[in-house]
Amino acid sequence: MNSFDKGKDRFALTTPLYYVNGLPHIGSAYTTIAADAIARFERLNGKSVLLITGTDEHGQKIQRTAESLGRSPQALCDEIAAGFAALWQKLDIEYDRFIRTTDPRHEAIVKEFFQRVWERGDIYLGQQQGWYCVSCEEFKEERELLEGHRCSIHIKETEWRDEQNYFFRLSHYQTQLAALYQKRPDFIQPERSRNEVLSFVSQGLQDFSISRVNVDWGFPVPVAPNHTLYVWFDALLGYITALLDPDSEPTLENALSKWWPINLHLIGKDILRFHAVYWPAMLMSAGLPLPGRVFGHGFLTKDGQKMGKSLGNTLDPVDLVSRYGADAVRYYFLKEIEFGKDGDFSETRFINILNADLANDLGNLLNRTLKFMVQRYPDRQVPSYSGKDFSADHPLKAIGLDLGEQVKQAYEALAFYQACEAVLGLVRASNKFVDEQAPWTLYKQGKQQAVEQVLYAVLESVRLAAYLLSPIIPNVSSEIYTQLGFATNFNDKTQISTTAPFTTHATWGILSDKQKLGEPRPVFRRIE
Ligand code: MSP
């Protein structure tokens, strides 16, 4: 099977591997929330999915954090890595692989990869001079710095370095990289990220150093053990190690056999250069196929400034989840911020959006419809209609029929905002439809058939909305499905795509005749 065929039924995607100098704030968790929503969508879409996340545990930043806490780096990494797993669980992140770069299997992969690049002649010893930002773990060019040689991302002073390092011959790949961006315009998304990379590359690529002599916490450079491998060279390769099956030998061949090339690397825009320039060049040097695309999203800001630990303006995801629930947090960030752009967090806006969209528009629509039914139809069965009984210009069917395809395209383009808005279009039309049709009046007038038609159309619309939003709000969607009499649990990935495949559920009119409905309960409580 060639890599093109592989891409059709498999979908591998990654989040960045997080530094373990603390637990993620909501800004850094944002990448993973988005990645999880995409993974869930692709599972609904019938693909075998591998969502990779993990921790980036080497380097000076971690070494210094451990020193400042009087701890060994390994003990710090173990504790924080466990904290990550717990946080992702709270946010209902269903990853398939969690790679820690301190894993001994990773060292084997790194060594083999290094060897390939070494044999290619792309690594040499040279002198490194420059301004280094420990928070970015990156040398900065003079023109990128703020006054006082401060990093423009962390607003912190960089440090002058002058040492002998091993270098990777990035400059050799200038032409090949330019050809890649031209031949595959989708390789870097969105447009803003692509332009940023094109402009960076057009200024001429410099070789970058891939070893350190003043840092102990990392893998030794295979050809010179007195040097430590640069943390980014090591971390990017974590994406390959993560592909190893748990019981297979850690060789590049085994790691690359099933899931490579990765379809999507999801990252924040601050680490674009590593993923869209250094990483493809490293892969070219090792003679490996390149990933499908790199998407660099925007920053979550507070009062206009990037949220970050060094700036002390972060929000704690655990606190948000414990107050409002995982679905609320996931929904707000994916719906409110156009993915790719920066977005500010405001608690007032957070509360307003959740109340309007989830509590009122969606939750209340189901609740009032079900309550009405239960009171009048004690057997709680779906009225005896099916999608076929409605003409194509029925106000809800007309929207519902196209909605699946529309939302699919939005997810594929990572346009979460558009996916949510399209679904809300159906939800709002359904509320309007109930108000206009007034089934309670029809019921009093003895118009049974008309009442049942209204109920079917509304219940089916709520079902479709819940299905299409399940990658974002899996708990609310599962609860709606339960109340509609299904056994589907959108949090159980082994169930999805066999019991709820996109091709059957993402269309209007599948609620079956006489299905027994559940008890009406609020699916999302209003936030006061
Ligand atoms: N360790 C590297 C990644 C190595 S991948 C081989 C790293 N780690 S990080 O913990 O600093 O950042 C993890 C992710 O969080 C990155 O995608 C970064 O862009 C993202 N964010 C950190 N702060 C952010 C915001 N305020 N807003 C949005 N994303 C932000 O970089």
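Any read-out appearing in this document is the output of simple, stated calculations on the displayed coordinates, not a laboratory observation. Here the structure is a predicted model, which is why all the values come from computation and not from measurement. Note: ideal-geometry Cβ built from the backbone for every residue, glycine included; neighbour counts use all protein chains shown.
Worth pointing out:
- For region 196-202, backbone phi angles converted through the Karplus equation (6.51, -1.76, 1.60; θ = phi - 60°) give residue-by-residue couplings of 4, 5, 4, 5, 4, 5, 5 Hz, Gly and Pro being listed as x.
- A simple rule links phi to the HN-Hα coupling: the Karplus curve 6.51 cos²θ - 1.76 cosθ + 1.60 with θ = phi - 60°, which for region 182-194 gives 6, 6, 10, x, 7, 4, 10, 10, x, 3, 4, 5, 4 Hz, with x for Gly and Pro.
- Region 212-274 versus region 124-198: alpha-carbon centroid distance in Å: 18
- Highest to lowest packing among 305-314, 453-462, scored as the average C-beta count within 10 Å: 453-462, 305-314
- Global form of region 284-405, assessed from the alpha-carbon gyration tensor, a/c cut-off 1.5: oblate
- Extension gain, Ala438 to Asp393, is 14.2 nm, computed as 0.36 nm per intervening residue step minus the present C-alpha separation.
- Were the residues from Arg64 through Arg526 laid out at 0.36 nm apart, the gain over their Cα-Cα distance would be 161.9 nm.
- Rounded to the nearest 20 debye, the dipole size of region 214-281 about its Cα centre is 360 debye, using +1 on the Cβ of Lys and Arg and -1 on the Cβ of Asp and Glu.
- 3J(HN,Hα) couplings calculated from phi for region 325-332 with the Karplus curve 6.51 cos²θ - 1.76 cosθ + 1.60 (θ = phi - 60°) are, in sequence order, x, 5, 4, 4, 5, 4, 4, 4 Hz; Gly and Pro show x.
- Using C-alpha pairs below 8 Å separated by at least 6 residues, the relative contact order for region 225-382 is 16 percent.
- Pairs exceeding 27 Å between alpha-carbon atoms, taken from Lys258/Lys493; Lys309/Lys335; Lys302/Lys408; Lys258/Lys335: Lys302/Lys408; Lys258/Lys335.
- Helix content alone sets the calculated 222 nm mean residue ellipticity of the chain: runs of n ≥ 4 DSSP H residues at -39500 (n - 2.57) each, divided across all residues, give -13500 deg cm²/dmol.
- Amide proton proximity set for His227, modelled H, under 5 Å, gap of 5+: Val221
- Degrees, to the nearest 10: 104-119 long Cα axis against longest axis of the chain: 60
- Amide H within-cut-off set for Gly518, under 5 Å, with H built and near neighbours excluded: Leu484, Gly485
- For Arg100, the residues 5 or more places off, or on other chains, whose built amide H falls under 5 Å of its own are Thr55.
- Total formal charge among the other residues, if their Cβ is under 11 angstrom from that of Ser209, Lys/Arg +1 and Asp/Glu -1: -1
- Restricting region 22-74 to trypsin sites (Lys or Arg not before Pro) that sit in a DSSP loop and have at most 10 other Cβ atoms within 10 Å of their own Cβ leaves nothing.
- Model label points for Ser257 and Gln449, set 7 angstrom from Cα along the Cα-to-Cβ axis, are 6.4 nm apart.
- Full-stretch length increase - Arg323, Gln129 - with 0.36 nm per residue and alpha-carbon distance subtracted: 65.0 nm
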